[in-house]
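Since the structure comes first, as structure tokens, the remarks are kept for the end.
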Amino acid sequence: MPNIDLLAFLFRFPLGGCAVAVSTLAAKNSKGRLGGILLAFPAVYLATVLGLSMDFKGSDLLFATAQLSKGSFAGMAADFFCAVAASFLILRYGWKLGLILSLLLWALIAPLLYFISVCF
Amino acid sequence: MHMIIINFRDLCLRFILGGATVAGCFVLLQFIPSKSFAGLLAAFPAIMSASVIIAGHFGNSKQAADIALGASTGMLACISCILTVILCIEHLKSWSISIIIALLVWFLSAYLLNYLINVFLEKYMGAVHV
């Protein structure tokens, strides 16, 4: 079992939290079309990539970011299906069950797309 | 001041959701040797889920469904952002420049896609989604 650096863990939590909270504030304060765009800001992805830059340097960093991005690509494609499914499921089953069902759908589609992308 | 107090609980929920996903992704990175699999979690729709929860809790399901539909165009923009990161890192070999270019691509494609879907909805459905 690898040792998890507690300091690194504690540092990442506010990093991700702030990225999400700040993009929410920006979305709330800009009216209309810009607000809708900021709703899907890749905050978690950016925070993770920034976190990588603390662990790796030079060509290792490039390699790690490229690897991480390939996984995120499959996850984002699943995000799209999840968002479209959510807009239908929420209208049909209400927001609580609809959101849970669409997140379950994401958890199913994301690994599936990942293994498909690894095979090709 | 009143607005800030209402938004505070909402912001706390987002802070916890965002922080938990990033920290969870970091833990997965330590356990799983394959970096790309941990990247899946980095694409967790944290802002969208938090927004849907808040819209559903304080408003109604129709508003929550509209938010999910609006987020789907943003997700397409995120896909183009990540493709840009992969391509730029391969060809430019510079980490910071790649991230900056990818963010610009994300903004431009999100703006364009959102504009296009609004035009489409107005023309064929007679409704304007934000």
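Values quoted throughout were computed directly from the atomic coordinates according to the rules given, and no laboratory measurement underlies them. Not measured: the values here are computed from a predicted model. So basically every Cβ, Gly included, is an ideal-geometry build from the backbone, and we count neighbours across all protein chains shown.
Give B:Lys35/B:Lys62; B:Lys62/B:Lys123; A:Lys57/B:Lys35 a once-over and call out the pairs whose C-alpha atoms are over 27 Å from each other.
Working: B:Lys35/B:Lys62 38 Å; B:Lys62/B:Lys123 21 Å; A:Lys57/B:Lys35 16 Å.
Too far apart for the 27 Å limit: B:Lys35/B:Lys62.
In terms of its C-alpha gyration tensor, chain A has an oblate overall shape, because the principal axis ratio a/c (a ≥ b ≥ c, square roots of the eigenvalues) is not below 1.5 and a/b does not outweigh b/c. Between B:Leu103 and B:Ile32, the contour length at 0.36 nm per residue exceeds the alpha carbon distance by 22.8 nm. The fewest-to-most ranking of A:Phe115, A:Phe73 by surrounding Cβ atoms within 10 Å reads A:Phe115, A:Phe73.
Rounded, prolate or oblate, given the Cα gyration tensor of the stretch B:12-130, with a/c below 1.5 counting as rounded?
Values: a/c = 2.91, a/b = 1.31, b/c = 2.23.
Oblate shape, in that a/c is at least 1.5 and b/c is the bigger or equal ratio.
Packing, taken as the mean count of other beta carbons within 10 Å per residue, orders the peptides A:97-105, A:74-82, A:49-57 from highest to lowest as A:74-82, A:97-105, A:49-57. Each of A:Ile90, B:Ile99 was scored by other Cβ atoms within 10 Å of its Cβ. Listed from fewest to most, they are B:Ile99, A:Ile90.
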